Each structure stands twice: as C-alpha cells, then as structure tokens.
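The values are calculated or read from the model by the stated rules, or taken from the named source; none is laboratory data. Being a predicted model, the structure only gives us computed values, none of them experimental. Note: ideal-geometry Cβ built from the backbone for every residue, glycine included; neighbour counts use all protein chains shown.
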Amino acid sequence: MARTPKAPPIFERMGKTVAAHKTLNKGLIALRLSGTGGGDYVIDSSHGGLIESSEAATQKPRVEIMGDAKRIQAIAEGKKDPRKQFLAGGIRVRGDLRYLSDVLLELGILTEPL
C-alpha cells in the first residue's frame, strides 16, 4: 500500500471549517489529486475535519473531487474560479453535488449555490 503524503495545509483548514459548522450534514469528501503535491485524501467532517489517506476511510465518500493538485489547491485558496475550472474540464466531481455546493458556500469558495 502506497503511503499518502501529508495533505496541504489548505485542505487541513477546510476540514476543520466544515467539521465546525453546525448545520452542514456530516460526511466524507474524497480528494483525488494528481501531479506535483498529489495524493488521495479524505476529509472526514464527522471527526473534527480529520484528513486521512483514502485507504484509511471505512465509508464511501459523499463527494469525490478529482484533478490536478495545484489547480484544486488554487480553487481552495480562492485564486481560481471553481465553476470555470469545472466547465473547462479542469476538475471532475462525482457524488452529492448539493452537499458539495453547501460545503463550498460555507468555505467561501462559492458565492451562490450550484
């Protein structure tokens, strides 16, 4: 089993913010990041935003986000527009899009729901 490197700090902060929110439903968000700084991570919002390797997750994620690590990190940091990146084919998303929309609104990545 390949060892997943430590998640970038922006994803650690995202996990803690999502976990601290009182009205968001709890769930797993899988990040499948390719390229430099890539790896497979799961944000577990039901356990304080814990970031772990995808191999350690015991449940199916509510949402999977797949793409280049630098691109997804730039989206998370507010440097790139998530809608434009998605529509341009820069990222792929699978799962509960309403949940993802709620999470991205809470994080301030989106300003209006999907």
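Only one entry in R3, R32 is modelled with pLDDT under 85 and outside any helix (DSSP H, G or I), namely R3. Within segment 72-102, restricting attention to residues that are in contact (Cβ under 8 Å) with a residue 12 or more places away in the chain and of a type in the set (A, V, I, L, M, F, W, C), the residue that is surrounded by the most Cβ atoms within 10 Å (Cβ to Cβ) is I72.
Within segment 103-114, the set of residues being crowded, with 17+ Cβ neighbours inside 10 Å and free of Cβ contacts under 8 Å to residues at least 24 places away in the same chain comprises just one member, L104.
One residue stands out among those in segment 42-52 that are aliphatic (A, V, I, L, M) and modelled with pLDDT under 75: the one that is surrounded by the most Cβ atoms within 10 Å (Cβ to Cβ), which is I51. Total residues in segment 53-68 satisfying the condition of being modelled with pLDDT under 90 and either assigned to a helix (DSSP H, G or I) or acidic (D, E) (or both): the figure is 3.
Residues are listed down the side, and each one gets a yes or a no for (1) touching a strand residue (DSSP E or B) at 6+ places or on another chain (Cβ under 7 Å); (2) modelled with pLDDT of 75 or more; (3) among the hydroxyl-bearing types (S, T, Y):
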position: I10; (1), (2), (3): no, yes, no
position: K22; (1), (2), (3): no, no, no
position: G27; (1), (2), (3): no, yes, no
position: G37; (1), (2), (3): no, yes, no
position: D40; (1), (2), (3): yes, yes, no
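Which residues, counting only those in segment 76-113, are closer than 16 Å to V18 by Cα, of a type in the set (A, V, I, L, M) and in a helix (DSSP H, G or I)? Of everything in segment 76-113, those that are closer than 16 Å to V18 by Cα, of a type in the set (A, V, I, L, M) and in a helix (DSSP H, G or I) turn out to be A76, L97, L100, V103, L104, L105, L107.
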